[in-house]
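Q: The structure's right below; bear with me while I get my questions together.
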Amino acid sequence: MSRVLPLLLDRLATPIGDMIIAADREGNLRATFWTENDEDVRRFLQRQYPGFQVELGPTANPHGLTAAVAAYFAGDLHAIDVLPIQTAGTAFQREVWQALRGIPCGTTISYGELARRVGRPEAVRAVGAANGSNPIGVVVPCHRVIGANGSLTGYGGGIERKRWLLDHERQMRL
């Protein structure tokens, strides 16, 4: 018998598309999504939390999380810096995701640098894979990681969103 994981969902209109925010009842951000389809969200969360029956309930601004993310998009870049998060994933993935939160807003680093920051300079591909499986885009800023040559590389929300996020942070930082 699986345990129940009740999650609260909210939608936020952003300049780069609607974002779905998933939070738990304790106030932790669990995931963000660039999708309109609740079933995609359910399937993703079910894969993230095997052994749990994920139950989704609509709500407005769970624990102030939606307002904080909205403030980021409105120009208060640091509104998301200390939002509480809770993720599944392996210990290695969580270590990479924590390191992502240490990348200063408006700056970028390479996958190699991120691997060095987690103490595994030889694990660039594994770090890239962990970065790519980040369930909390924007708040856990995987968009701040770029190729060694400075190129914008993959982003789950699409390269155009990644470009917009980086430009937004650079412009607001000035």
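The values are calculated or read from the model by the stated rules, or taken from the named source; none is laboratory data. Quick caveat: nothing in here was measured; it's all calculated off a predicted structure. In this analysis, Cβ positions are derived from the backbone assuming ideal geometry, glycine residues included, and neighbour counts consider all displayed protein chains. Heavy atoms of the whole protein, side chains included, go into the accessibility calculation; ligands, DNA and RNA do not. Shrake-Rupley method; radii C 1.70, N 1.55, O 1.52, S 1.80 Å.
Q: What is the antiparallel percent of DSSP beta bridges lying wholly in the chain, to the nearest 5? Walk me through the numbers before you get to the answer.
A: Numbers: 12 of 22 bridges.
In the chain, approximately 55 percent of DSSP beta bridges are antiparallel ones.
Q: So, one more: Provide the net charge surrounding F92, with neighbours chosen by a C-beta distance below 14 Å and charges set as Lys +1, Arg +1, Asp -1, Glu -1.
A: +2
Q: Of I85, A148, G64, which is farthest on the positive side of the dipole of the chain, counting Cα position, with +1 on Lys and Arg Cβ, -1 on Asp and Glu Cβ, and the Cα centre as origin?
A: Positive-end residue among those listed: A148.
Q: Would you mind working out the magnitude of the charge dipole of the range 44-126 relative to its Cα centre, with +1 at each Lys and Arg C-beta and -1 at each Asp and Glu C-beta, to the nearest 20 Debye?
A: Details: 7 positive and 6 negative charges, 59 e Å.
That gives the range 44-126 a dipole magnitude of about 280 debye.
Q: Something else about it: In whole percent, how big is the carbon plus sulfur part of the accessible area of the chain, probe 1.4 Å, protein atoms only? Write down the numbers at each step before the final one.
A: Numbers: 4360 of 8440 Å².
Reported share for carbon and sulfur atoms: 52 percent.
Q: When the dipole is taken about the Cα centre of the range 127-174, and only Lys, Arg (+1) and Asp, Glu (-1) are charged at their Cβ, what size is it in debye, to the nearest 20?
A: Details: 6 positive and 3 negative charges, 15 e Å.
Using only the charged Cβ atoms, the result is roughly 80 debye.
Q: Still on this structure: Tell me, what is the per residue accessible area of the range 14-118 in Å², probe radius 1.4 Å? All intermediate terms of the calculation are to be shown ahead of the outcome.
A: Values: 4810 Å² over 105 residues.
Normalised by residue count, the accessible surface of the range 14-118 is 46 Å².
Q: Taking the Cα centre of the chain as origin and charging only Cβ (+1 Lys, Arg; -1 Asp, Glu), how large is the dipole, in debye to the nearest 20?
A: Taking the Cα centre of the chain as origin, the dipole is about 520 debye.
Q: What's the center-to-center distance, using Cα atoms, between the range 81-123 and the range 21-52 in Å?
A: 20
Q: From the phi of every residue in the range 10-20, what ³J(HN,Hα) in whole Hz does the Karplus formula 6.51 cos²θ - 1.76 cosθ + 1.60 yield, where θ is phi - 60° and glycine or proline is x?
A: 9, 10, 10, 7, 10, x, 10, x, 6, 10, 9
Q: Kirkwood hydrodynamic radius, the range 6-147, all distinct C-alpha pairs: what's the number in Å?
A: Working: mean 1/r = 0.0642 Å⁻¹.
Kirkwood radius, the range 6-147: 15.6 Å.
Q: Further question: Mind listing the phi-derived Karplus ³J(HN,Hα) values for the range 48-65, rounded to whole Hz, using 6.51, -1.76 and 1.60 with θ = phi - 60°, and x for any glycine or proline?
A: 5, 10, x, x, 10, 9, 7, 10, 9, x, x, 7, 10, 6, x, 6, x, 5
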